[in-house]
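Quick notes on the structure that follows.
The values are calculated or read from the model by the stated rules, or taken from the named source; none is laboratory data. Quick caveat, the model's predicted, so the values are computed rather than measured. For neighbour counting, all protein chains shown are included, and Cβ atoms are generated from backbone atoms with ideal geometry for every residue, glycine included. To get the accessible areas, we keep the full protein, side chains included, count just its heavy atoms, and leave off ligands, DNA and RNA. Shrake-Rupley method; radii C 1.70, N 1.55, O 1.52, S 1.80 Å.
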Amino acid sequence: MTARRRATGRLPGWPAESEPSSSAEPLTLDRILEAALRIADAEGLDALSMRRLGSELGAGATSLYWHVRNKDELLDLLVDRVIGEMLAEIEPADGWRAQMGAAARTARRVLVRHRHLAPVFGSRPTFGPNALQAIELVVGQLRAAGFDDLTASLGANAVITWASGYAVFEARDPLGPNASEEERTAYAAAIAETFARLPPERFPNTVSMLPLMSEITADSQFESALGWLLDGLELTLPRGGRGETGATPRG
């Protein structure tokens, strides 16, 4: 029975059953995903191929295909692995607003950490075991606070989609994560200079942003919009709903 046949019918992000390995260090799915994430983080998705992954692990293609049938499935599994990192890093917080805020900030932080994988989140389904556990966590927090089922589902989706989408744009930073402070200052100055040269009669709203450019940091943009989302969500909480639900342990 081939790996491809055994994989039929699985949801994206769910691992295949592993074939036993006879090597001194067993080739496990966990080892494969660790190596794949290491390559993607350091060199980007273009560098990540099944051949390169096999070389990194000292394994042949046949061994890899017992665990992962192709690069598409590898990306599905990596997405779910990154969601697992988010779940592990969400700190317990008091009250549904604090809990949702913690989930949103963690999603942003982890996705920016894996900046080359961040855009994949918007292009692939996320139905793996960690993704399902994340849904249980964030929707459950809102249901426990007194939101009805539909609002809890839509609210959780809105907050996490905002955080993930913001991280995708943030991860596409043209300077990259290792840029120096001098490089970032020069880049910001170049943008400000471009804005300053715009004819105000054609771009009055864009030009009006110029005095704010030194104040609008990535963090302030994120926190402002997150607060507005949570404010709007709170308005839908039925009277008598529990605005504070106590700390939620990590999933």
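Annotations for the structure displayed:
- Of the residues R81, R105, the single one that is open to solvent by 50 Å² or more (accessible area, probe 1.4 Å), closer than 25 Å to L229 by Cα, in a helix (DSSP H, G or I) and in contact (Cβ under 8 Å) with a residue 24 or more places away in the chain is R105.
- Residue that is surrounded by the fewest Cβ atoms within 10 Å (Cβ to Cβ), among those in region 168-183 that are without any contact (Cβ under 8 Å) to a residue 24 or more places away in the chain and of a type in the set (A, V, I, L, M): L175
- Exactly one residue out of A103, A152 is modelled with pLDDT of 95 or more and under 20 Å from E223 (Cβ atoms): that is A103.
- Given (1) part of a helix (DSSP H, G or I); (2) out of contact with any helix residue (DSSP H, G or I) (no Cβ under 6 Å at 6 or more places or on another chain); (3) open to solvent by less than 50 Å² (accessible area, probe 1.4 Å), index of the condition F147 fails: (1)
- Any hit, region 59-78, residues being among the acidic types (D, E) and either at pLDDT 95 or above or farther than 24 Å from T126 by Cα (or both): no
- Scanning region 84-102 for residues that are in a loop (DSSP other than H, G, I, E, B) and either surrounded by fewer than 19 Cβ atoms within 10 Å (Cβ to Cβ) or of a type in the set (D, E, K, R) (or both) gives E91, P92, A93, D94, G95.
- Residue in region 218-230 that is over 20 Å from the mean Cα position of the chain (by Cα) and either under 23 Å from D41 (Cβ atoms) or modelled with pLDDT of 90 or more (or both) present: yes
- Meets criteria (surrounded by 17 or more Cβ atoms within 10 Å (Cβ to Cβ), within 30 Å of P238 (Cβ to Cβ) and over 14 Å from the mean Cα position of the chain (by Cα)) for G155: yes
- Test for S55: is it open to solvent by 60 Å² or more (accessible area, probe 1.4 Å), over 22 Å from R124 (Cα atoms), assigned to a helix (DSSP H, G or I) and of a type in the set (G, A, S): yes
- Yes/no for P26 being without any contact (Cβ under 8 Å) to a residue 40 or more places away in the chain, surrounded by fewer than 19 Cβ atoms within 10 Å (Cβ to Cβ) and not in a helix (DSSP H, G or I): yes
- Region 134-161: number of residues that are of a type in the set (D, E) and within 21 Å of E91 (Cβ to Cβ): 1
- Matching residues in region 117-141 - criterion: being open to solvent by 60 Å² or more (accessible area, probe 1.4 Å), within 17 Å of A167 (Cα to Cα) and either among the polar types (S, T, N, Q) or outside any helix (DSSP H, G or I) (or both): S123
- Residues that are among the hydrophobic types (A, V, I, L, M, F, W, C) and closer than 17 Å to Q99 by Cα were ranked within region 216-233; the one that is most open to solvent (accessible area, probe 1.4 Å) is W228.
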